[in-house]
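Engineer: Would you mind keeping the following structure in view while I ask a few things?
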Amino acid sequence: MKPLKDIVIYKYLTGRLLLVLFVLSLFSGCATVQTERITPPPLLNAGPAVQVEDIDVLAVSPEMDRFLERYILKYEDPRTRLELLIRSVMINGILGFEYDEARTMTAAETFKARSGNCVAFSNMIIALARRAGLEAEFQEVFIRPVWSDHLDDTVLLIKHVNVIVKSRRLSWVVDVSGVEIDPTDRRRIVDDSYAEALYLNNIAVGALLENDLPTAYAYMRSAIDSNSEVVDSWVNLGVIYGRNNQLDDAALAFQQALRIEPGDYSALSNLYEVYLEQQKFALATELQPKVERYRRNNPYYLLRLSDEALELEQYQESIKLLQKAITKKEDDHKLYFALAKTQYLSGEMTAAEKSLLRARELAPDAYYERPLAELVADQTGSDTPSL
């Protein structure tokens, strides 16, 4: 089986490679454990080095100032300013902000675009609130793990940040992502350098997904320079090294991530794969139980296991794995089509058509509109799929 890498990315308006917005319990924060600072090794033989220009992600543009002067600053009461600012970013508000998970931007860019992901939105709200004389802070929310579609050997682990804005006696959580946050979810206030690192991390991940390793490396290094205690940056840096066949350096990055957060499963999972590639089987065996428990909650890892079972014509095992994957990711059309295909090949035609119908409902295009037999033939490379 091809190794599956985890990437962490913040898309709920922030992200991480597995190669990753967060209200307070109100207001418990978690102290960051300081670890020994190490210098990331260079990226070798990957092309010309990329320079990352210094950028103030919270800089306020003239357009933002004019907006504040016209709609917010003429009111002296902090609570009124806060309420007006929050109302302005709603869909029907003055700004009419729309969530777009693909856009990680600075505060000024986000204000101009009126859209963005959780990192972009948080940057904009923090900058506007502080300019309006309000106290505003970034908050990281430790939501239940959410994975996005895998690309080749990569799975995206989605994470989230939001904003806490305070007036005299009230504290508001500002979040337009629609992410369901359980009241028991752990959360913490993070400083500006941490949030800047998340911004740079997302830009790096975008380059990594395009296989632009020099750009990905440059931005991930900048993220670490901004705040070396963000575990996601080290995890993603390790993935970059791994893509560049620098396995020793990849292991170093994952190990550093585990020094910051000893139980981080993305770091453990990726380090496990590196040890296997290095044929360090004793070290891999030590990590295997934790890694397997973690991966069993990853719908795309379950999809991969189901594909293996299908190749062995273990249809019921493949179906069982896909049904479990769907319980963890109920809105992915590819999981439902994989289930339909497996049910078709096992002779369960009624169930297969039902699964295909759900795939059609979720798919963004009309790919699944053809008869199931044709679709399965495309997938299996056979003109007449056997039953």
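All of the numbers you see were taken from the coordinates with simple rules; none came from a lab. All of these numbers come straight from a predicted model, not from anything done at the bench. Glycine gets a Cβ as well: all are built from the backbone with ideal geometry, and neighbour counts include every protein chain shown.
Engineer: Obtain the nm distance between the two label points defined at residue 54 and residue 297 by a simple spin-label model: each point lies 7 Å from its Cα along the Cα-to-C-beta direction.
Structural biologist: Each label point is offset 7 Å from its Cα along the Cβ direction, giving 4.1 nm.
Engineer: Out of all DSSP beta bridges in the chain, what portion is antiparallel? Express it as a percent rounded to 5.
Structural biologist: Values: 24 of 31 bridges.
Roughly 75 percent of the beta bridges in the chain run antiparallel, per DSSP.
Engineer: OK, next. Taking the alpha-carbon centroid of each part, what is the distance from the stretch 176-254 to the stretch 297-368 in angstrom?
Structural biologist: When both Cα centres are located, 31 Å separates them.
Engineer: May I ask for the equivalent-ellipsoid semi-axes of the stretch 299-380, computed as the square root of five times each C-alpha gyration tensor eigenvalue and listed largest first in whole Å? If you can, show how the numbers build up before the last one.
Structural biologist: On the way: eigenvalues 63, 46, 22 Å².
The equivalent ellipsoid of the stretch 299-380 has semi-axes of 18, 15, 10 Å.
Engineer: Determine, from the Cβ-Cβ distance of residue 44 and residue 112 and an R0 of 35 Å, the FRET efficiency 1/(1 + (r/R0)^6), rounded to the nearest 0.05. Each step should come with its number before you reach the end.
Structural biologist: Details: r = 38 Å, r/R0 = 1.10.
Computed FRET efficiency for residue 44 and residue 112 comes out at 0.35.
Engineer: Multiply the residue gap between residue 277 and residue 307 by 0.36 nm, knock off their C-alpha separation, and tell me the result in nm, one decimal place.
Structural biologist: Numbers: separation 30, 0.36 × 30 = 10.80 nm, distance 2.18 nm.
Gain on stretching residue 277 to residue 307: 8.6 nm.
Engineer: Placing one identical point scatterer on every Cα of the chain and ignoring solvent, what is log10 I(q)/I(0) from the Debye formula at q = 0.07, 0.14 Å⁻¹?
Structural biologist: -0.37, -1.18
Engineer: I would also like to ask the following. Could you run the Karplus curve 6.51 cos²θ - 1.76 cosθ + 1.60 with θ = phi - 60° over the stretch 160-166 and give me ³J(HN,Hα) per residue in whole Hz, x for Gly and Pro?
Structural biologist: Going residue by residue, I get 9, 9, 9, 10, 9, 10, 10 Hz, with x marking Gly and Pro.
Engineer: Still on this structure, please answer the following. Return the calculated 222 nm mean residue ellipticity for the chain, to the nearest 500 deg cm²/dmol, obtained by summing -39500 (n - 2.57) across DSSP H runs with n ≥ 4 and dividing by the residue count.
Structural biologist: The helix contribution divided over the chain gives -15500 deg cm²/dmol.
Engineer: Here's something else I'd like to know. Local charge sum around residue 68 (other residues, Cβ-Cβ under 13 Å, Lys/Arg +1, Asp/Glu -1)?
Structural biologist: Its environment carries a net charge of +3.
Engineer: Shifting gears a bit: May I ask you to order 45-57, 312-324 by the average number of other C-beta atoms within 10 Å around their residues, highest value first? It would help to have the intermediate numbers written out before the result.
Structural biologist: Numbers: 45-57: 12.0, 312-324: 17.5.
Ranked from most to least packed, the peptides come out as 312-324, 45-57.
Engineer: Something else about it: Given +1 on the Cβ of Lys and Arg, -1 on the Cβ of Asp and Glu, and no further charges, what dipole in debye does the chain carry about its Cα centre, rounded to the nearest 20?
Structural biologist: For this selection, approximately 1120 debye.
Engineer: While we're looking at this one, here's another question. If you take the beta carbon distance between residue 370 and residue 135 as r and set R0 to 41 Å, what does 1/(1 + (r/R0)^6) give as a FRET efficiency, to the nearest 0.05?
Structural biologist: 0.15
Engineer: What order, most packed first, do the peptides 94-103, 176-185 have when packing is the mean number of other Cβ atoms within 10 Å of each residue? Mind showing how you got there, number by number?
Structural biologist: Working: 94-103: 17.0, 176-185: 13.6.
The packing order, highest mean first, is 94-103, 176-185.
Engineer: Order these peptides, 247-256, 288-297, by their mean beta-carbon neighbour count within 10 angstrom, highest first. Please list the in-between numbers first.
Structural biologist: Details: 247-256: 21.0, 288-297: 14.6.
In descending order of packing, they fall as 247-256, 288-297.
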